[in-house]
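Visitor: Sharing a structure below in structure tokens format, with a few things to ask.
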């Protein structure tokens, strides 16, 4: 076996480690974490004049199940990872919802908060404004069992250290090839 075969073998192995084989080990997988009804959150009239804190779907999952919002994805469909739609049910203050049933389906990281934090104001809020403050965890328009958000934890994303090791490996192979070529010319 010559040096070129060793280098080629290293490159193929490294590429498979990072980009995967038919069943990639580094693909993002989702594990069901739990669910909640939007109206299980605090009442929209609490904490006047600004209202309670507002949460994106992902923020509500982190609040309820632990961890950070960036580790979650949300679905309005069911608890099957194959059906994740990356959307969440929200209440939007003063608005009957984009589904004509009190709730709005928006991106799971949709952000619209009064003063950047709240589901409010509790008085003088805009009527029928689909862009008003929204929360995936508040007792307001989206009330009842049909407004359930399903949370999933994302895992299996390659660590930055794996990419660093791959680059170091490629650098080492390049250095070895250059050194071998220099010694062959001498």
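Visitor: Full extension from residue 128 to residue 63: what is 0.36 nm times the residue separation minus their Cα-Cα distance, to one decimal in nm?
Guide: Taking residue 128 through residue 63 to full extension adds about 20.6 nm, to one decimal.
Visitor: Also, quick follow-up: Can you put 72, 137 in order, fewest other beta carbons within 10 Å first?
Guide: The fewest-first ordering by Cβ neighbours comes to 72, 137.
Visitor: Okay, next question. Report the Cα-based extents of the range 21-159 along its three principal axes, largest first, to the nearest Å.
Guide: Principal-axis extents of the Cα atoms in the range 21-159, largest first: 57, 28, 22 Å.
None of the figures in this text is laboratory data; all of them are computed from the coordinates on show. Not measured: the values here are computed from a predicted model. Cβ: placed from backbone, ideal geometry, glycine included. Neighbour counts: every protein chain shown.
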